[in-house]
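The values are calculated or read from the model by the stated rules, or taken from the named source; none is laboratory data. Model, not experiment: these values are computed from the prediction. In this analysis, Cβ positions are derived from the backbone assuming ideal geometry, glycine residues included, and neighbour counts consider all displayed protein chains. Keep in mind that these areas ignore ligands, DNA and RNA; they rest on the heavy atoms of the full protein, side chains included. Shrake-Rupley method; radii C 1.70, N 1.55, O 1.52, S 1.80 Å.
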Amino acid sequence: MSQHSNSNISTTIHPHRAWDKHMEDSTAEVFEMMVGGPIELMTDAGATATGDITGMIGLAGALCGVLSIRCTQGAAEKIAYRMLGGTDNSASSLRDALGEICNMVAGNLKNKIPGLADSCMLSVPTVVCGEDYELYTMVDGERFQIAMNFEGLPIWIALSLHN
């Protein structure tokens, strides 16, 4: 295990202007590898994330917070179809696929920050489904959000960090 102090890591892991880029790169890499399709940054998706399904991963240790991926049912179906080779389109497969994508994006993101891989743990994925809900994270820090386009459908990636 790496022997970094939290104060050394905190100066490394808070490149405020770089979070969006790290989130974009991590998402693109995971989608390329696991979904086999390109995903690109959207500049006009709006500030409010909407969608029927959200995957979340908690982060604990040197970096504390929540990474979430929110999309429509249609986007989740495309992700699951591409990940699973079209073999299963059940509701549980959609949830599993989005949870796993969220887990992999969070893992990829923490590996991009020097010293963070060994000092930050990820929770098991949680997936919320429904037609009318808002997500609130109980952190008193910063929130970063980007919107990406996957096969014509928006997907929002958000990182809420605890101070």
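Return one whole number: the accessible area per residue of the chain in Å², for a 1.4 Å probe. Present the calculation step by step, with values, prior to reporting the outcome.
Values: 8360 Å² over 163 residues.
Normalised by residue count, the accessible surface of the chain is 51 Å².
Helix-only estimate, please: 222 nm mean residue ellipticity of the chain, summing -39500 (n - 2.57) across DSSP H runs of length 4 or more and dividing by its residues, to the nearest 500.
Counting only the DSSP helices, I get -10500 deg cm²/dmol.
What net charge is computed for the residues neighbouring Ser160, neighbours being all others with C-beta under 12 Å from the C-beta of Ser160, Lys and Arg scored +1, Asp and Glu -1? It would help to have the intermediate numbers written out before the result.
Values: positive: Arg143; negative: Asp140, Glu142.
Net charge in that neighbourhood comes out at -1.
Restricting things to alpha carbons, find the Rg to Rh ratio for the stretch 99-163 using the Kirkwood radius for Rh.
A ratio of 0.97.
From the P(r) of the stretch 61-133, can you give the percent of Cα pairs sitting at distances over 20 Å?
Above the 20 Å cut-off, the stretch 61-133 has 38 percent of its Cα pairs.
Net charge near Gln145, counting Lys/Arg +1 and Asp/Glu -1 over other residues with Cβ under 10 Å of its Cβ?
The answer is +1.
Report in % the part of the accessible area of the chain that belongs to carbon and sulfur, leaving out ligands and nucleic acids; probe 1.4 Å.
51 percent
Translational diffusion coefficient, Stokes-Einstein: compute it for the chain using the Kirkwood radius over C-alpha pairs as Rh, at 4 °C and 1.567 mPa s, and state it as an integer in µm² s⁻¹. Working shown, then result.
Working: Rh = 16.0 Å.
The Stokes-Einstein estimate is 81 µm²/s.
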